[in-house]
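A.B. asks: Here's a structure for you.
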Amino acid sequence: MKWSVMQTRRFARQYKKLLDSTAADVDTAVEQVRQNPESGERKRGDLAALYVYKFRSNNQLYLLGYTLEESVRLIYLEAVGPHENFYRDLKR
């Protein structure tokens, strides 16, 4: 059984600002996460519920942050963006 994917408002705002080529790479990353939700790295501490999937786009490292709701097999896309200040912005 496949996992469903939902976007948060934060993710939707960040996604809308991306270049078309980067948005295509994000779509590919989302599909990878949908196929295997455990492929991301689980964070510790303040962001313990968050998984982060790393990928490259235009020679820059991007992070896709998501959380899992295992009882209903749902993936919530929390944030996407370059590595710079990614975790700081998520803690806000």
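A.B. asks: Within the stretch 55-82, work out how many residues are touching a residue at least 24 places away in the same chain (Cβ under 8 Å) and surrounded by 11 or more Cβ atoms within 10 Å (Cβ to Cβ).
C.D. replies: Count: 16.
A.B. asks: Quick one: how many residues across the stretch 1-25 are under 21 Å from Arg92 (Cβ atoms) and either of a type outside the set (A, V, I, L, M, F, W, C) or touching a helix residue (DSSP H, G or I) at 6+ places or on another chain (Cβ under 9 Å) (or both)?
C.D. replies: The total comes to 10.
A.B. asks: Quick check: is even one residue across the stretch 26-46 within 15 Å of Leu90 (Cα to Cα) and part of a helix (DSSP H, G or I)?
C.D. replies: Yes.
A.B. asks: Scan the stretch 3-28 and report the pairs whose first residue is under 18 Å from Phe55 (Cα atoms) and whose second residue is open to solvent by 50 Å² or more (accessible area, probe 1.4 Å) and among the aromatic types (Phe, Trp, Tyr), with Cβ atoms within less than 9 Å and a gap of 6+ or a chain change.
C.D. replies: Phe11/Tyr76; Ala23/Tyr15; Val26/Tyr15
A.B. asks: Okay, moving on. From the list Thr67, Thr22, pick out the single residue that is modelled with pLDDT of 95 or more, β-branched (Val, Ile, Thr) and within 20 Å of Lys2 (Cα to Cα). So that I can check it myself, show each step before the final result.
C.D. replies: Values: Thr22 fails: within 20 Å of Lys2 (Cα to Cα).
Result of the check over Thr67, Thr22: Thr67.
A.B. asks: Taking the stretch 38-54 as the search range and keeping residues that are hydrophobic (A, V, I, L, M, F, W, C) and out of contact with any Asp or Glu (no Cβ under 6 Å at 6 or more places or on another chain), which one is farthest from Glu78 (Cα to Cα)? It would help to see each step written out before you state the result.
C.D. replies: Filtering the stretch 38-54 down to residues hydrophobic (A, V, I, L, M, F, W, C) leaves 47-50, 52.
Still in the list and also out of contact with any Asp or Glu (no Cβ under 6 Å at 6 or more places or on another chain): 47-50.
Numbers: Leu47: 12, Ala48: 13, Ala49: 11, Leu50: 9 Å.
Among them, the one singled out is Ala48.
A.B. asks: Still on this structure: Please find, within the stretch 44-54, the residue that is least open to solvent (accessible area, probe 1.4 Å) out of those that are over 22 Å from Lys17 (Cβ atoms) and without any contact (Cβ under 8 Å) to a residue 40 or more places away in the chain. It would help to see each step written out before you state the result.
C.D. replies: Filtering the stretch 44-54 for residues over 22 Å from Lys17 (Cβ atoms) gives 44-49, 51.
Right, trim to without any contact (Cβ under 8 Å) to a residue 40 or more places away in the chain and you get 44-45, 48-49, 51.
On the way: Arg44: 205, Gly45: 61, Ala48: 43, Ala49: 64, Tyr51: 16 Å².
My answer is Tyr51.
The values are calculated or read from the model by the stated rules, or taken from the named source; none is laboratory data. This one's a predicted model, so the numbers in the text were calculated from it and none came from an experiment. Note that each Cβ is placed from the backbone with ideal geometry, even for glycine, and that neighbours are counted across all protein chains shown. All accessible areas refer to the heavy atoms of the entire protein, side chains included, with ligands and DNA or RNA removed. Shrake-Rupley method; radii C 1.70, N 1.55, O 1.52, S 1.80 Å.
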